[in-house]
Structure formats: structure tokens, C-alpha cells
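The values are calculated or read from the model by the stated rules, or taken from the named source; none is laboratory data. Not measured: the values here are computed from a predicted model. With ideal geometry, Cβ positions are generated from the backbone for all residues, glycine too; neighbour counts draw on all protein chains shown.
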Amino acid sequence: MTILPPGLLENELVATSAEFDQMIKSGELIESTNEMTPEYLRELKHTLIVSGDTELISAPAYYLAAKRAPSINAFMTGIAIIQDELAHAHIAYHILEDLGEDQEKLIFSRDPKSFRYPYAFDVPLDSWTELVVANGFYDQAGFCLLGDIHDKCSYGPWKRGLNKVMLEENFHLRNGRTWMKRISASGGSAKEELQRAVDWMFPLSVEWFGLPDDKKMHSTQLEYRLKGLTNDQLRQWWLSTVVPYCEQIGVNVPAHKETREGKDVWELDYPFPCEFDAEAKRWDFKQPSTWDDVLARWRARGPRNAEMVAMFQEEFHNFRKTHQKES
């Protein structure tokens, strides 16, 4: 017996496995649920939820740091980026609603620990410097992940929806790089603060792409063309953009390039994974960790998870209560 995802009727999923497999292999785009198998729909929803949650949680994470902007112009740029991130989240959640999910429940009724986004956003951004490093590192990670989906995704509505997202992510990335270069060039205590931010945020960004390929248990996203690159390939793409730029602006990062069989490979200068103290924002490169430990840390969420989710959930429920009283 096939168990269907909630919100969809059996006659809405009519593609046979053979028909579906042929569409995937031939490079055709899936445009509606009646062209999907239940397994494809579940994997698509999972991928969309991770994308939507990541974009959504970046808004409170960035806002708390944007309030420390050095000027009104810088603050307004930060707010513009936050507005973009909320719009990107809406694209993912709106598609999920079209696929049978309840957008309101997804955003406003889930337990904070059930949100699926990179652990990096659970560690507070406490300064403008940390915010622009997030733009330079985290948004570069998002650019790699979403750029791959935009290029390879088999689901037409999402592929088209990412046209706008990619342009705006490029703006976020440029803001981070411009500010990182400016801060580094200023030298002194400002550059020292930048280096401290990079020291803890670089390894968190390396984690962004998930388990190494040899630890990944399945490749359904690749089989269904929901993405085109493996975790390690995405990680290498990110390193190939971030490491040279940091070297260019005089910021140290624990990674270097090697050439193997005529190909450039980026290697980390520390055990991957290793121990991280989230409260102190400090990595212990002398203390290797296991991926089971990392997965446990990810599942437990970090210091600011509940606070950030509460920022939009509590306001929504307060608004609803007030509106109901007035009605």
C-alpha cells in the first residue's frame, strides 16, 4: 500500500514509476503533482522545507546584528537583505502550500527544534562585522546550494522561482565581500575583530553542506535531479570562492589548495569535524570529533534557536489574539 503525503488525494498522483523515471532521465521538468511519484514528492518537500527554513531564520539572525550597523546607510542595506531573505522563504513555503502543506502551520506552529536549517544560524551574530562575514560566507554557501538547484532542479516551478533569488543572493554576497575588504584594509582592532569572526564562522560554513559523501546514506536528491552536485562537490565549490578571496584581502583561513592529478583540490588545515564551543564561539582544532557528535549538536540546535523562532511566532500569535478580540 502506498502512503500518500498529507494534503493530496490518490488521483492527484497518477504518474507510474516508468513514466516518472523516463521524465527524470530525459531531463524533462516536472510541473505538477500528477507527474510525480509519492517518493519524489516527499523528497521535494523535504528539500523545500530546508530551503524555506534557512531563508526564514536568516531574517531574525541578520536583524539582531543589523541593529549594530555603523551608519544609517549600512543599516538600510541590512534591512534590504532581510527583506530579500523573507521573500525567498515565501517562495519555498508558497510552493509547499501548492504541494498540499499548510504554510501558516509550517511557519508559526512548529516547535523551534523541528526547523531544518544549518546550525550556523543558531550561533548569535553579535556585531556588524559578524553580519558581513555571514553575508560573505553564509550567503556564498546559499549561492552554491541554490545555484546548483537552479541549474539542475527537475521541478519547474521551483527552478523558475529561483531566477529572482539568485540575483538577490549575489547582492548579499557582494555586500559581505565589500565590507570584509573595507574592514580588513582599515587594519588595527577592526581587522582583529574581522579575523576573530572568520575564525569561528569559517568552519561553521564548511559544515553547512552536511555530511561528507562517504557518510551520506542515500543520494535521492541526485537521482531525482533535485540537485546536481554532491555535498563534497558543493563544499569544494564554496572553498574555491571563499579561500582565495580571504587570502586576497589579508584574512587567514585554515584551508589551502593542492593539485592532484591535474585538478585543484581544497584541503582543510584542521580535523573535520572537530569540537565546537557554541557559547564561546571557539573551535578546538586539537580535539577531533565524530559525525555522530556533530549530528547530535545539530539536532539539539544552538544557543539562539528558540529566541529567533519566537521572534516571528510570538508576534503572529499576538496579532491573531488582538485581531480576534477586535472582531
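Laid out as a table, the results:
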| read-out | value |
| --- | --- |
| The one condition in (1) more than 18 Å from the chain's Cα centre (by Cα); (2) buried (at least 19 other Cβ atoms within 10 Å of the Cβ); (3) over 29 Å from residue 244 (Cβ atoms) that residue 76 fails to fulfil | (2) |
| Single unsatisfied condition, residue 83 versus (1) within 18 Å of the chain's Cα centre (by Cα); (2) touching a residue at least 40 places away in the same chain (Cβ under 8 Å) | (2) |
| Verdict on residue 184 being assigned to a helix (DSSP H, G or I) and touching a Lys or Arg at 6+ places or on another chain (Cβ under 6 Å) | yes |
| Inter-residue pairs, beta-carbon under 6 Å, first within 23 Å of residue 124 (Cα to Cα) and in segment 280-300, second assigned to a helix (DSSP H, G or I), 6+ apart | 281/200; 283/203; 298/119 |
| Qualifying helices (runs of 4 or more DSSP H) (wholly inside segment 27-131; at least 3 residues being of a type in the set (S, T, N, Q)) | 38-66, 72-98 |
| Considering residues of segment 207-250 that are basic (Lys, Arg), part of a loop (DSSP other than H, G, I, E, B) and modelled with pLDDT of 95 or more only, the residue farthest from residue 23 (Cα to Cα) | 227 |
| Residue that is touching a helix residue (DSSP H, G or I) at 6+ places or on another chain (Cβ under 6 Å) and either assigned to a strand (DSSP E or B) or crowded, with 18+ Cβ neighbours inside 10 Å (or both), where the choices are 294, 253 | 253 |
| Tally of residues being under 23 Å from the mean Cα position of the chain (by Cα), in a helix (DSSP H, G or I) and over 17 Å from residue 206 (Cα atoms) across segment 297-327 | 11 |
| Test: residue in segment 239-246 that is closer than 21 Å to residue 291 by Cβ, surrounded by 20 or more Cβ atoms within 10 Å (Cβ to Cβ) and without any contact (Cβ under 8 Å) to a residue 40 or more places away in the chain | yes |
